[in-house]
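A quick write-up on the structure given underneath.
The values are calculated or read from the model by the stated rules, or taken from the named source; none is laboratory data. The model shown is predicted, which means the values in this text are computed figures rather than measured ones. Please note: Cβ atoms are built from the backbone with ideal geometry, for glycine as well, and neighbour counts cover all protein chains shown.
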Amino acid sequence: MTKKPSSKKNLSSRKLATSSRFPTQNRRKELRFDLPLSATIEGKLPTGEDFKEETVIQNISSGGAYFALDANIIIGSKLNVFVEIPDQSGKNKKTKLSLAGSAVRLESTHLEEKRIFVAMHFNKKYRFINERST
């Protein structure tokens with residue numbers, strides 16, 4: 001009589017094969033989208049001074065975003081991101097998605113016009129802002 005391999009054993013070997021394809025440092029829980037979205041970032045510098053800067057989001061998920069800034073922020077800085085949503089209604093309306101959160105990782109950039117890459121974690125509070133285009 002031939003012994004069948006247990007499905008438990010096959011499942012664990014599949015898990016190992018699958019997990020070895022992905023880097024161990026990737027701990028993301030949400031699907032991340034590589035979308036170049038124009039955005040405005042607002043926040044406070046460590047000096048207490050307000051800043052507002054235009055940038056392009058490199059990637060975004062339901063939990064956070066990654067973008068470059070010239071502002072000299074620090075980890076833990078509270079940030080607000082305003083992403084313009086493209087109008088497809090034909091009614092010439094501007095809609096922005098407003099997301100709040102904090103900087104959780106900073107990396108130097110190779111870009112001349114931006115100083116740091118910022119990984120931001122959203123605090124799950126968001127709102128849509130509707131305004132008329134001029």
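State yes or no: is S61 polar (S, T, N, Q) and modelled with pLDDT under 85? Talk me through it step by step, then tell me what you get.
Values: polar (S, T, N, Q): yes; modelled with pLDDT under 85: no.
For S61, the condition - polar (S, T, N, Q) and modelled with pLDDT under 85 - is not met.
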Query raised in the report: Restricting attention to the range 80-107, and to residues there that are in contact with a Gly (Cβ under 7 Å, 6 or more places away or on another chain) and over 18 Å from F128 (Cβ atoms), which single residue is surrounded by the fewest Cβ atoms within 10 Å (Cβ to Cβ)?
Result: S102
Report task. Please find, among I129, I73, the residue that is within 19 Å of E53 (Cβ to Cβ) and in a loop (DSSP other than H, G, I, E, B). Result -> I73
Report task. Could you tell me whether any residue of the range 105-113 is modelled with pLDDT of 90 or more, more than 17 Å from the chain's Cα centre (by Cα) and not in a strand (DSSP E or B)? Result -> no
**Report entry** Pair list, Cβ under 6 Å, 6 or more apart: the range 115-131 residue more than 12 Å from A100 (Cα to Cα), other residue among the small types (G, A, S)
**Finding:** F117/A68; V118/A103; I129/S98
